[in-house]
Amino acid sequence: MGTQHNGTIKIISEPFDPWAELSSYETSHLTAGQIGATATFVGTMRDFNEGDDVSAMELEHYPGMTDAQLQLIADEAQTQWSLDNALIVHRVGRILPGEPIVLVACWSAHRAAAFDACRHLMEALKSRAPFWKKETLKDQSHRWVEKNTDGYSASQ
Amino acid sequence: MGTQHNGTIKIISEPFDPWAELSSYETSHLTAGQIGATATFVGTMRDFNEGDDVSAMELEHYPGMTDAQLQLIADEAQTQWSLDNALIVHRVGRILPGEPIVLVACWSAHRAAAFDACRHLMEALKSRAPFWKKETLKDQSHRWVEKNTDGYSASQ
Amino acid sequence: MSIKVKCFASMREYLDLSERDIAGDGINSVADVWQQIAGDKPMPDNTLCAVNQSQADAAYAVTDGDEVAFFPPVTGG
Amino acid sequence: MSIKVKCFASMREYLDLSERDIAGDGINSVADVWQQIAGDKPMPDNTLCAVNQSQADAAYAVTDGDEVAFFPPVTGG
């Protein structure tokens, strides 16, 4: 957990409800009337990946470095865009299909900044923050997810 | 209100809580485990605009055409991107600072589609759906908002 | 020829007209509809027109029973 | 020279090593740290290294007390 530039990083090991999180975060961190635009992204665990049924996932991270990297990424975004606040919540540990893995939210006076920063945060997180996913398939075998895809390319 | 391509359009005249709306919409319309990515945008009324304090807003629309245009925009997005669902909620009537005006949400298996479609829906809505804003300033004078800005340009 | 005309937002105030049914033989296009309701008042440059709730330009041909609307650039969202 | 080494995810399984303190005089770079813990095992092409929780390459010079980590490409989010 860290705070700088009006931003918050949370790495949590229990399931969370992104909409309840956003609601309570806005109440405690934002000033009504100042915000014109809120862009959010939620990444959720699917029960399939690369053609296989996935029954669970273990999300490993590098305690200390993960927090520092997320803080760095959030600070960079707040330097590049005019944001009132930014929130990153990321699960670690055992995750089941349907459970949210990551929440990113950006608040700004203007929608371009909110959209651009939110997307940038997600891509930066996926390429630079030390998290690793290990999937448990339906036959109880395990496999590491080997790499993240580029989220700016078309995915029809 | 309309439904097609697994999407929903709502034009409402009462305040709404976007996070509660998303929570209940997911429960009733989405299948846990299928969704990997949810991108949302909330546009909220600010208490300032173009250097002036704004105390209230009247949001007028063209009943019938507004619904049809939003449905058309949503259908186009669902044709262009692979979405599991799309939701557009838009306020009309009297709106106070801090109240949400618009909510757009896109659900997909992949984050690029969710992000791209959500942003496209917002820009299409702002340029093509017949809504008009009239601001009440602090001295009780009124003024029409004359045009929307381009949301893809940088806004630092 | 009978046409339902609607005006919205600043256009409603400009013409002091929210909704009116007009009738007459000389009405062939959206521009003719404008002349019927606006008289000498010029159509502002940025005016948008819709026929039966789809956008149309001033030259668009109208037919009996059409709904024709005039409004300024949209500002929702 | 004393170095704390950490391995994560598939790298932890590849080397069967989660965390170890190593010491010795011949350790000057991240590559030297790798050799100490991995012996003959080659470093996989896509391996990422960090020194004191910041990314670094194999040639990066380490100093006494550093924390050096090895891990595969990240896959969070």
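Please go through region D:6-26 and give me each residue that is assigned to a loop (DSSP other than H, G, I, E, B), acidic (Asp, Glu) and modelled with pLDDT of 95 or more, ordered by number.
Here is the first cut: in region D:6-26, the residues assigned to a loop (DSSP other than H, G, I, E, B) are D:8, D:16-18, D:24-26.
When the remaining residues are screened for being acidic (Asp, Glu), the result is D:16, D:25.
Scanning region D:6-26 gives a single hit, D:ASP16.
Checking each residue in region D:45-60 for being in contact (Cβ under 8 Å) with a residue 12 or more places away in the chain and more than 12 Å from the chain's Cα centre (by Cα) picks out only D:ASN46.
Checked against (1) of a type in the set (S, T, N, Q); (2) within 30 Å of D:SER18 (Cβ to Cβ); (3) surrounded by fewer than 21 Cβ atoms within 10 Å (Cβ to Cβ), A:SER82 passes all but condition (2). Output the number of residues of region A:20-39 satisfying the condition of being outside any loop (DSSP other than H, G, I, E, B), over 20 Å from A:SER127 (Cβ atoms), of a type outside the set (D, E, K, R) and at the interface with chain B (Cβ under 10 Å from one of its Cβ atoms). Matching residues across region A:20-39 total 7.
The single condition among (1) at the interface with another protein chain (Cβ under 7 Å from one of its Cβ atoms); (2) buried (at least 22 other Cβ atoms within 10 Å of the Cβ); (3) out of contact with any Lys or Arg (no Cβ under 9 Å at 6 or more places or on another chain) that B:ARG91 does not meet is (1). Residues in region B:5-19 that are in contact (Cβ under 8 Å) with a residue 12 or more places away in the chain and assigned to a helix (DSSP H, G or I): B:PRO18 only. Residues that are crowded, with 18+ Cβ neighbours inside 10 Å and within 30 Å of B:GLY36 (Cα to Cα) within region B:124-156 comprise B:ALA124, B:LEU125, B:LYS126, B:ALA129, B:GLY151, B:SER155, listed in sequence order. Taken over region A:100-149, the criterion of being touching a residue at least 24 places away in the same chain (Cβ under 8 Å), among the acidic types (Asp, Glu) and within 14 Å of chain D (Cβ to nearest Cβ) is satisfied by A:GLU123, A:GLU135.
The values are calculated or read from the model by the stated rules, or taken from the named source; none is laboratory data. Computed from a predicted structure; not experimentally measured. Cβ atoms come from the backbone with ideal geometry, glycine included; neighbour counts cover every protein chain shown.
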